[in-house]
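The values are calculated or read from the model by the stated rules, or taken from the named source; none is laboratory data. What you are looking at is a predicted structure, and each value in this text was computed from that prediction instead of being measured. Virtual Cβ from ideal backbone geometry, glycine too; neighbours counted across all protein chains shown.
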Amino acid sequence: MVTLVIYDVVDDRVRAKIADACLDYGLTRIQYSAFMGELTQNRSQELILRIRKLLAGNEGQAQCIPVCDKDLRRRTIVGTSPVGS
C-alpha cells in the first residue's frame, strides 16, 4: 500500500536522519518533510520503529499514513515543486 510519511522535527540532525530512513525504504520526497511510496505493512512497521528511535528524547512528530488506491487516484497536485526535481 502507498504510505505517506510527514514529519515536523526541530533538530536538523534528527530531521535529516528521518529523511535518510525514508529514502532507505524507497520512499520519494514529495515535500521537504514529506515522503510517499509503496510499503508493505511489515516494512511500514519497520520504518515506524526506526523513526520512533530517532525521535526518542527529541522534540517533534512524525505521521505514517496509509493511502488507498482510490484516494491516491483522486489526488490533485497544484503547481510545481523544486523538491525531487
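For the reader, a short list of remarks on this structure follows.
- If the condition is being under 13 Å from the mean Cα position of the chain (by Cα) and farther than 9 Å from VAL5 by Cβ, then segment 53-81 contributes GLN61, PRO66, VAL67.
- Listed by first and then second residue, the pairs with beta-carbon distance under 8 Å, at least 6 apart or on different chains, first residue in segment 26-52 and farther than 20 Å from CYS68 by Cβ, second loosely packed, with under 14 Cβ neighbours inside 10 Å and modelled with pLDDT under 95, are ARG29/VAL83; ARG29/GLY84; GLN31/SER81; GLN31/VAL83; TYR32/VAL83.
- Candidates TYR32, TYR25, TYR7: the one that is at pLDDT below 95 and not β-branched (Val, Ile, Thr) is TYR32.
- Residues of segment 1-22 satisfying the condition of being loosely packed, with under 13 Cβ neighbours inside 10 Å and farther than 25 Å from ARG73 by Cβ: ASP8, VAL10, ASP12, ARG13, ALA16, ASP20
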